[in-house]
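What follows is one structure encoded as structure tokens, with my remarks underneath.
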Amino acid sequence: MVLSRRAFLTLLAGTGALAPAVHAAPAPPRGAFALAGTVYPGRGAPLPGHAVLVRSGRIEGVVPTQAVADRPVVALKDGSVLPGVINAHCHDLHTARERRERWLVHGVTAIGDAASPLEFLPALRNSPPGQTATASVCGPMLCPPGGYPLPVHSPEHALVVTSPKEGADAVRRLADLGATRIKIAFEPGTLPRPWPRFDPASASAVCGAARRLGLAVRCHVEDLSGLEPALDAGVDFVEHVPYRWHDHGAIRPVLGPDGAPVPYYQHLLERMARDGVAMTPTLDVFTRTPWNGPALFEPVRAFRALGGRVALGNDFPYRRTDAGMPVREMRLLAKAGLDELAVLEAATATAADVCGFGDRGRIAPGMAADLLMVRGAPTPDALQDPAHVVKDGVFIR
């Protein structure tokens, strides 16, 4: 389907007449067009007065708007162009239709499923271009017998590993079934008797097998006691922010008298920042619990100050977190010290890294044309109602 100049001028005039036709498009358009305004590339400084060149569902380049002469240009007064938002930490079944209706039409062009039963993998892998939010897939979380997530979730959300060999075999099985990320946990729980956790050899075997297959490992860590063994095993990403500390039966504070992370925690945050281990804090879900407080926000602030990479994810659907544009998580990341550009990077480029989307999350030549246009700067308020959503070069709205 070729989008005509007349159709784009209709969009430019704000009539919205193009939306129904593009909404039903079965494939990315073959034509070329440009989206103009202040371009936010996802990582790096914004580019006022620039245009994103799109052809056949891909980004060709970013040039000054006045240099565009070979294609229709869509622009908004004082508008901004940015990558589609990515919610890096979600759960539950997401069919192509659900991902379109719950996420894509609101401007979330991709999601990261952070653990799901094996039976859900075919539905998650079904991401027709230009029609639904692309999904990253973990499949069940690998765990030792009786370990998290088994104490709180159904058995289908876990694959039990009892040895290093079983760990490596489980990784290969998930890769063969289409998993694009591997998920493990170092979580003792809140009970007096801690839940079982991976032994170092099995955890290292999981991470090593994943690395050989080109799959990164995401690790559930809510308790500070699990962070060091997770890093020792070689995990690539930390899911959640450790906000409590059960240390050999004693409950210790994660923050010192000055309100900053205690030295042990600070040391681990420095290690994460140095080694490029990103964190997805999922502040939205935790602030809906009695655990809400400085222990959630100050570690993120300290990590960011060290140059640590932060990704956006709200842990949908737990504790009444919402589908759609995750504006509450954006605002909470700002409360934790991220400025406007850092929040945008967390929701685009870094979220793409966590999910394994090598061709999404940034505006650069060769990337998929997952793009948003908003009126004014891309603040959470503006992102609640984007003017245009483009997925794989197809106008969704």
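The values are calculated or read from the model by the stated rules, or taken from the named source; none is laboratory data. Because the structure is a prediction, the values reported are computed rather than measured. Cβ coordinates were reconstructed from backbone atoms using ideal geometry, including for glycine residues, and neighbour counts include every protein chain displayed.
The residues of the range 200-219 that are out of contact with any Asp or Glu (no Cβ under 8 Å at 6 or more places or on another chain), surrounded by 23 or more Cβ atoms within 10 Å (Cβ to Cβ) and touching a residue at least 60 places away in the same chain (Cβ under 8 Å) amount to a single one, 206.
Residues are listed down the side, and each one gets a yes or a no for (1) assigned by TED's automatic domain parsing to the domain that holds residue 386; (2) under 30 Å from residue 221 (Cα atoms); (3) part of a helix (DSSP H, G or I):
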| residue | (1), (2), (3) |
| --- | --- |
| 60 | yes, no, no |
| 70 | yes, no, no |
| 76 | yes, no, no |
| 93 | no, yes, no |
| 101 | no, no, yes |
| 105 | no, no, yes |
| 111 | no, yes, no |
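For the range 220-235, the set of residues classified as touching a Leu at 6+ places or on another chain (Cβ under 9 Å) and either crowded, with 20+ Cβ neighbours inside 10 Å or at positive phi (or both) consists of 221, 224, 227, listed by residue number.
Residues that are at positive phi and either surrounded by 24 or more Cβ atoms within 10 Å (Cβ to Cβ) or part of a helix (DSSP H, G or I) (or both) occur in the range 383-392; there is at least one. Scanning the range 279-295 for residues that are surrounded by fewer than 24 Cβ atoms within 10 Å (Cβ to Cβ) and either part of a strand (DSSP E or B) or of a type in the set (Phe, Trp, Tyr) (or both) turns up 286, 291. Taking the range 80-91 as the range and being part of a strand (DSSP E or B) and either under 12 Å from residue 371 (Cβ atoms) or touching a Cys at 6+ places or on another chain (Cβ under 6 Å) (or both) as the test, the residues that pass are 80, 81, 82, 83, 85, 88. Considering only residues in the range 77-112 that are touching a strand residue (DSSP E or B) at 6+ places or on another chain (Cβ under 8 Å) and among the hydroxyl-bearing types (Ser, Thr, Tyr), the one that is nearest to residue 285 (Cα to Cα) turns out to be 109. When restricted to residues that are more than 21 Å from residue 235 (Cα to Cα) and either in contact (Cβ under 8 Å) with a residue 60 or more places away in the chain or of a type outside the set (Gly, Ala, Ser) (or both), the range 142-163 contains 5. Can you tell me which residue within the range 154-178, out of those that are touching a Ser or Thr at 6+ places or on another chain (Cβ under 9 Å) and closer than 12 Å to residue 118 by Cα, is surrounded by the most Cβ atoms within 10 Å (Cβ to Cβ)? The extreme case among them is 157.
Condition check: assigned by TED's automatic domain parsing to the domain that holds residue 143 and either under 17 Å from the mean Cα position of the chain (by Cα) or touching a residue at least 24 places away in the same chain (Cβ under 8 Å) (or both). Does residue 65 satisfy that? When the stated conditions are applied, residue 65 does not pass them.
If you go through the range 298-351 one residue at a time, how many are part of a helix (DSSP H, G or I) and either closer than 23 Å to residue 271 by Cβ or outside the structural domain of residue 220 (by TED's automatic domain parsing) (or both)?
The qualifying residues number 15.
Sort out which residues of the range 72-99 are over 30 Å from residue 118 (Cβ atoms) and either surrounded by 24 or more Cβ atoms within 10 Å (Cβ to Cβ) or out of contact with any Lys or Arg (no Cβ under 8 Å at 6 or more places or on another chain) (or both), and write them in order of number. Within the range 72-99, 73, 74, 75, 80, 81, 82, 83 meet the criteria.
To keep it simple, each residue is scored yes or no on (1) of a type outside the set (Lys, Arg); (2) closer than 23 Å to residue 101 by Cα.
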site	(1), (2)
302	yes, no
322	yes, yes
326	yes, yes
329	yes, yes
339	yes, no
366	yes, no
380	yes, yes
389	yes, yes
397	no, yes
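Of the numbered criteria (1) free of Cβ contacts under 8 Å to residues at least 24 places away in the same chain; (2) within 19 Å of residue 100 (Cα to Cα), the one residue 359 fails is (2).
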